[in-house]
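A.B. asks: Pasting a structure below so you can have a look.
Only the coordinates and a few stated rules stand behind these numbers; no lab work does. Note that the structure is predicted; figures quoted are calculated from it, not measured. So basically every Cβ, Gly included, is an ideal-geometry build from the backbone, and we count neighbours across all protein chains shown.
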Amino acid sequence: MMIEKMLENVRTKCPLIHNITNYVTVNDCANVLIACGASPIMADDKDEVEDITTICAGLNINIGTLNRRSIASMLIAGKRANKLNHPVVLDPVGVGASKLRTDTAMQLLEEIKFAVIRGNISEIKTLVFGSGTTKGVDADMADKITEENLDEIIAFAGVFAKKTGAVIAVTGAIDIVSDGHTTYCIRNGHPMMSSISGTGCQLSAMIAAFIAANPHYALEATVAAVSAMGLAGEIAYERLSETDGNATYRNYIIDAIYNMTPDQLRKGARYKMR
Amino acid sequence: MMIEKMLENVRTKCPLIHNITNYVTVNDCANVLIACGASPIMADDKDEVEDITTICAGLNINIGTLNRRSIASMLIAGKRANKLNHPVVLDPVGVGASKLRTDTAMQLLEEIKFAVIRGNISEIKTLVFGSGTTKGVDADMADKITEENLDEIIAFAGVFAKKTGAVIAVTGAIDIVSDGHTTYCIRNGHPMMSSISGTGCQLSAMIAAFIAANPHYALEATVAAVSAMGLAGEIAYERLSETDGNATYRNYIIDAIYNMTPDQLRKGARYKMR
Amino acid sequence: MMIEKMLENVRTKCPLIHNITNYVTVNDCANVLIACGASPIMADDKDEVEDITTICAGLNINIGTLNRRSIASMLIAGKRANKLNHPVVLDPVGVGASKLRTDTAMQLLEEIKFAVIRGNISEIKTLVFGSGTTKGVDADMADKITEENLDEIIAFAGVFAKKTGAVIAVTGAIDIVSDGHTTYCIRNGHPMMSSISGTGCQLSAMIAAFIAANPHYALEATVAAVSAMGLAGEIAYERLSETDGNATYRNYIIDAIYNMTPDQLRKGARYKMR
């Protein structure tokens, strides 16, 4: 796999990405999309999402801070993107934390074909089993990805990938990306990334850009985006001084994506086929 | 008072805090909650706020950028939190600047029992007297807390605390925290903190985390949170170079909370019982 | 023109600016307003926008992430501001990208008198010709402002200024500010500014502050704000290290506005009457 080519294509093609996302981390999503070479547009009114998604190359649906109004827009935009064969990413933020989030995620899965679904292990479990142990927007402690439960998680990610036809990205201490046939484990990143609100949201936005720029390589493009985000977390961590904390770290991660060269990604990415 | 213990408990218990807050400073609220050791979740749709607040340890209601939809959710979430005995914080951002904000704040005070109410002096005056001199979201000039009017402010904070049963935190050049029986003055902070949009919002979110982690010490936990925020403002100010401005200062304050140790808080907090 | 006086007046008068703006870049708008000496308030509910705009000195309407609810509020607030003779700025973010945005912008132009309209060349073209080549929120490639098409753009900016009675600011590689009689070209700024989501939104907010503080000098105040933003982009760029990217750059630009002295603006501004 030419992982560096995936990033290069984002930078060359500058895909415009339509985001229907939460208002908590939306600014970081916009800036990380620019940092990786894409162009962001945020629009969530039902009267414009069809127009917006039509001029875009990909759609990123994120259910954080969802509401009745934005849910309707997600469905409209998703269906339009499907009709146009634009790739659609689902980030099921906090699914399982409320009936509304779970119901919404299930409805989205039913009515929209996703190219990639990215979540933490608690969120993906909830999607697979219909209910889960999600506590808020972070993965449940009992749900940590470890060497011990890795095989089990790979198995159900594969089953879920086959069922949905989507590439499944389960991100955590170890990241798992599977299309149901091939699975990759990615060992980039730094534990401090979980101290920033929205690294997951940012990654989902980036995945949308990567798969939009590499339309025939959804699996590989997702691996590239996941690796790039993790690598950025490592690079940014190295820059931190003793007095820096999670706010500076947040900026440095986006900075690292901005400065990342394809060559740097090729050398720094630590992914392995299982 | 073991102020350092209050912070320690936030870090140990990692309380999940439900925020119904404005879209201006929401990202800073999320990151400062993580910085102090808590975990944030933002949710404002009436169809999910009961579920969300149920899995949380505390609720933070902030009326900045309020709207008909979010007001309904504030009432629903607040009542549920009351029923579950979860502490609820009110940040009456800009109350007095519009009839809608004043009416909403009054309705919230009537229907929900708050553990802590935090605002600047103009906002708290408006809550007490029903109308005020609030101009926008900043305290009115004539409303500055000084050594001269300190006793007067302490007096009406105490009366308001007794009336509402809430701990009242009036923040400004000098911070006043009162439960109607005991009052503390806190002299941490730096004037440049008012150059950042949302230090007040961040503090209210942190107060929710501190009182959720210290359920029997609402007064002391509030003093701890107020001191921690002020101390972070001092530490962050020391880091500024000549070319740094309010954007960098904003990041450094959150960084300072992230790195603050209980011992550092104990040594740096400047609070005094009146 | 005493460009430095325009900034000085913002710092002396601290105008309160009402913003009805998108949730993507709203925090940066708030902090840049404080940085330049103004005071921000964000409010978008139809039941409070009249009250809020009444206590403010200027109104900034930005149609990014618009929705049915906020559109109604824009109209109500704009009319009230007109009645009170408060200056109103329009930032037609992404107009042309959807029918809703175009229709909304046209309706706003019809029902509200704007003091200044600021957009990139694609957006302004769309306003002038009723439809445009807007692709998302960035200027279309074919729409770059160059030495070659400068005269043509100046011409239609002038026509549009006469038609609307507003000062027109077309921002890009070269910035053009025209009131239909006098036109200025501003050559401050740095190409990397387009790597940040929201420098345009921030500038529009700042323009509102500058014209509110300099009520009889809408043209000059707009030139001052445009120059200040561009100069801040230059100063911030100089501070960047090799590992810094667009996130740090974003902070440094706001920092540069915060630290900008009238004298620095006078010396650094590169504007010329055409």
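A.B. asks: With a cut-off of 8 Å between alpha carbons and a minimum separation of six or more residues, what is the relative contact order of chain C in percent?
C.D. replies: 22
A.B. asks: Return the calculated 222 nm mean residue ellipticity for chain C, to the nearest 500 deg cm²/dmol, obtained by summing -39500 (n - 2.57) across DSSP H runs with n ≥ 4 and dividing by the residue count.
C.D. replies: Using -39500 (n - 2.57) per qualifying helix, the result is -16000 deg cm²/dmol.
A.B. asks: While we're looking at this one, here's another question. Quick check for me: using +1 on Lys/Arg Cβ and -1 on Asp/Glu Cβ, what's the dipole size of the range B:101-242 about its Cα centre, in debye to the nearest 20?
C.D. replies: 300
A.B. asks: How far apart are the B:Phe129 label points across copies, placing each 7 Å from Cα toward Cβ, in nm, shortest first?
C.D. replies: The answer, with the shortest distance listed first, is 5.8, 5.8 nm.
A.B. asks: Show me the GluC sites (Glu not before Pro) within the range B:168-247 that DSSP assigns to loop and that have at most 11 other Cβ atoms within 10 Å of their Cβ.
C.D. replies: Passing both the DSSP loop test and the Cβ count: B:Glu242.
A.B. asks: Could you please point out the chain C residue with its Cβ nearest to the axis of the rotation taking chain C onto chain A, and the distance in whole angstrom?
C.D. replies: For the rotation taking chain C to chain A, the closest Cβ gives C:Tyr23, 3.
A.B. asks: Just the number: Rg to Rh for the range B:66-187, Cα atoms, Kirkwood Rh, two decimals.
C.D. replies: Result for the range B:66-187 is an Rg/Rh of 0.97.
A.B. asks: Out of the DSSP beta bridges found with both residues in chain B, what percent are antiparallel (nearest 5)?
C.D. replies: Of the beta bridges lying entirely in chain B, close to 40 percent run antiparallel.
A.B. asks: Rounded, prolate or oblate, given the Cα gyration tensor of the range B:212-274, with a/c below 1.5 counting as rounded?
C.D. replies: Verdict is prolate for the range B:212-274.
A.B. asks: Counting only residues 5 or more places away or on other chains, whose amide H sits under 5 Å from the amide H of A:Val167 once H atoms are built in the peptide plane?
C.D. replies: Answer set, sorted by chain and number: A:Val116, A:Ile117.
A.B. asks: Next up: Among the listed pairs A:Lys144/A:Lys267; B:Lys144/C:Lys79; A:Lys162/B:Lys13; A:Lys5/C:Lys125; A:Lys163/B:Lys83; B:Lys99/C:Lys113, which have their C-alpha atoms separated by more than 32 angstrom in this model?
C.D. replies: Table pairs above 32 Å Cα-Cα are B:Lys144/C:Lys79; A:Lys162/B:Lys13; A:Lys5/C:Lys125; A:Lys163/B:Lys83.
A.B. asks: Sticking with this one: Round to a whole angstrom and tell me the spacing of the C-alpha centers of the range C:190-207 and the range B:190-225.
C.D. replies: Between the Cα centres of the range C:190-207 and the range B:190-225 lies a distance of 32 Å.
A.B. asks: Once the label point is placed 7 Å from Cα along Cβ, list for C:Met106 the distances to the corresponding points in the other copies, in nm, shortest first.
C.D. replies: The answer, with the shortest distance listed first, is 4.4, 4.4 nm.
A.B. asks: Sort chain C into rounded, prolate or oblate with this rule: let a ≥ b ≥ c be the square roots of the eigenvalues of the Cα gyration tensor; rounded if a/c is under 1.5, and if a/c is not under 1.5, prolate when a/b is larger than b/c, oblate otherwise.
C.D. replies: Taking the square roots of the gyration eigenvalues as a ≥ b ≥ c, chain C is rounded.
A.B. asks: Okay, next question. Please arrange C:Glu148, A:Glu111 by counting, for each residue, the other beta carbons lying within 10 Å of its beta carbon, fewest first.
C.D. replies: Fewest-to-most ranking of C:Glu148, A:Glu111: C:Glu148, A:Glu111.
A.B. asks: Would you grab the residues whose amide H sits under 5 Å from the one on C:Ile63? Only those 5+ places off in sequence or on another chain, please, with H modelled 1.01 Å from N.
C.D. replies: Those lying under 5 Å, H to H, from C:Ile63 are C:Asp91, C:Val93.
A.B. asks: Which whole number gives the average, over all residues in A:45-58, of C-beta atoms from other chains lying within 10 Å of the residue C-beta?
C.D. replies: For peptide A:45-58, the averaged partner shielding equals 5.
A.B. asks: Put a point 7 Å out from Cα along the line to Cβ at C:Met273; what are the distances to that point in the other copies, in nm, shortest first?
C.D. replies: 7.1, 7.1
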